[in-house]
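The values are calculated or read from the model by the stated rules, or taken from the named source; none is laboratory data. Owing to the predicted nature of the structure, the values given are computational and were not obtained by experimental measurement. Quick reminder, even Gly has a Cβ in these numbers, built from the backbone with ideal geometry, and neighbours come from all protein chains shown.
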Amino acid sequence: MNTSRDMTSSSISRRAALAGALAGSAALAAPAVTKASETISWRMVTSWPKNLPGPGVTAERLAQRITKASGGRLTVTVYAAGDIVPGLEVFDAVQGGTAQMAHTASFFWQGKVPASVFFTAMPFGLTAPEHAAWIMHGGGQALWDELYAPFGIRAYMAGNTGMQMGGWFRKEINGLEDIKGLKIRMPGLGGEVLRRLGAAPVALPPAEIFPALQSGLVDATEFLGPWSDRAQGFYRIAPYYYAPGFHEPNGTGECLIARDAFDALPADLQQIVEQACAAENAFALAESDWMNGAALDALVAEEGVQLRAYPEDVIEAARETAELVMDDAAADDAMFARILDSYRAARSRLAAWTRAGTQPYLAAR
């Protein structure tokens with residue numbers, strides 16, 4: 001009997017058994033990852049009418065970017081608002097597994113996630129380039145990730161409609177008194193600012209704005225910029241077009257992705273999704289700036305739109321009220337307070353350079 005050899009064989013057997021057990025445990029613990037050779041189909045639900053100039057076009061193009069860059073390994077099919085779920089229910093659709101992706105705007109989730117408003121726009125807040133700087137370099141993305149983590153959702157910047165207009169009004173606004181009692185479609189904290197100034201903000205998805213304006217359900221509406229607004233036909237009912245869009249100086253579109261669906265992708269497809277969002281975010285902002293100028297000229301020259309500037313007393317009251325609205329929200333929500341601190345710090349840091357560089361140049365030009 002060779003005791004030494006038997007002990008060695010026994011030790012090897014025990015080690016093999018242990019290794020097998022550990023490997024099995026690891027396999028059970030690890031998330032399922034799609035093999036590189038498999039093809040995957042995702043649904044993208046949106047908050048926009050199909051092919052709406054601006055965000056509707058962006059959603060279609062984002063899906064095409066992912067599908068083409070992946071060589072068809074990850075195919076994304078777009079469903080406009082109402083095709084599968086209403087436009088204001090796409091967050092729930094991604095969270096619940098009805099769709100793997102959504103294209104939308106974060107302030108639509110203000111009732112569910114109050115701090116979501118930061119990731120589209122804030123009244124008197126960051127411009128589109130400043131917002132991107134905060135998200136990518138100032139800690140904004142990490143806060144966004146943390147905010148949506150309890151819902152099993154990842155979020156990315158994925159399109160931008162740039163500087164917004166103040167809105168369309170049936171009647172002229174000559175001062176603060178004309179704000180009182182005004183029924184206006186305005187989401188986000190901008191709507192709360194106007195409410196405190198005496199208006200009656202109404203929450204409506206994009207597809208329902210024109211009928212509401214036409215029927216008199218609302219007296220005024222904001223939406224995006226001239227390119228998208230002209231396509232919606234608001235000028236037919238409300239000929240006074242006001243600026244500036246103090247409520248929304250940035251129009252970041254939000255791509256929502258179910259975390260489990262994203263985590264199941266191979267690493268190269270994950271990279272493709274992230275890079276497609278980044279590419280579309282930059283492309284869409286340039287597109288909106290390019291198209292808005294021509295659309296504004298056409299609205300004035302061909303449609304008889306009357307451009308107006310908000311009276312100074314409205315701007316001053318709105319600016320003061322906006323800070324109070326944000327402070328009040330922060331007092332009731334610790335996460336909101338953390339993000340507000342980060343956002344204000346970014347605004348302060350970026351404003352110094354804007355005052356020194358951009359503003360003098362624009363005045364000189």
### Message
Exactly one of these conditions fails for residue 225: (1) under 30 Å from residue 100 (Cβ atoms); (2) out of contact with any Phe, Trp or Tyr (no Cβ under 9 Å at 6 or more places or on another chain); (3) without any contact (Cβ under 8 Å) to a residue 12 or more places away in the chain. Give me its number.
### Response
(3)
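Among the strands (runs of 3 or more DSSP E) lying completely within region 130-226, list those that include at least 2 residues that are of a type outside the set (S, T, N, Q) and crowded, with 24+ Cβ neighbours inside 10 Å. Show your work before the answer.
Values: elements: 153-160, 167-169, 183-185, 200-202.
It comes to 153-160, 167-169.
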### Task
Scan region 350-365 and report the pairs whose first residue is at pLDDT 95 or above and whose second residue is of a type outside the set (Lys, Arg) and not in a helix (DSSP H, G or I), with Cβ atoms within less than 8 Å and a gap of 6+ or a chain change.
350/126
#### Entry: Residues within region 74-88 that are more than 16 Å from residue 275 (Cα to Cα) and surrounded by 19 or more Cβ atoms within 10 Å (Cβ to Cβ), tallied
7
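When region 132-159 is examined, which residues are found to be acidic (Asp, Glu) and either out of contact with any helix residue (DSSP H, G or I) (no Cβ under 8 Å at 6 or more places or on another chain) or modelled with pLDDT under 95 (or both)? Outline the logic, then answer.
Of region 132-159, the ones acidic (Asp, Glu) are 145-146.
Once the filter is applied, which keeps residues that are acidic (Asp, Glu) and either out of contact with any helix residue (DSSP H, G or I) (no Cβ under 8 Å at 6 or more places or on another chain) or modelled with pLDDT under 95 (or both), region 132-159 yields only 145.
Taking the condition of being aromatic (Phe, Trp, Tyr), buried (at least 16 other Cβ atoms within 10 Å of the Cβ) and under 25 Å from the mean Cα position of the chain (by Cα), how many residues in region 290-345 meet it?
Qualifying residue count for the region: 2.
Are any of the residues in region 108-115 of a type in the set (Gly, Ala, Ser), surrounded by fewer than 24 Cβ atoms within 10 Å (Cβ to Cβ) and assigned to a loop (DSSP other than H, G, I, E, B)?
Checked against the condition, which is being of a type in the set (Gly, Ala, Ser), surrounded by fewer than 24 Cβ atoms within 10 Å (Cβ to Cβ) and assigned to a loop (DSSP other than H, G, I, E, B), region 108-115 yields at least one hit.
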### Pairs with Cβ under 9 Å, 6+ apart, first in region 175-201 and at positive phi, second of a type in the set (D, E, K, R) and part of a loop (DSSP other than H, G, I, E, B)
181/219; 188/248; 198/180
### Task
Examine region 350-363 for a residue that is over 25 Å from residue 135 (Cα atoms), in contact with a strand residue (DSSP E or B) (Cβ under 9 Å, 6 or more places away or on another chain) and part of a helix (DSSP H, G or I), and state whether such a residue exists.
no
### Task
Only residues that are surrounded by 23 or more Cβ atoms within 10 Å (Cβ to Cβ) and assigned to a loop (DSSP other than H, G, I, E, B): list them for region 54-73, please.
54
### Task
Would you check which residues across region 248-273 are of a type outside the set (Gly, Ala, Ser) and more than 15 Å from the chain's Cα centre (by Cα) and list them?
259, 260, 262, 263, 265, 266, 268, 269, 270, 271, 272, 273
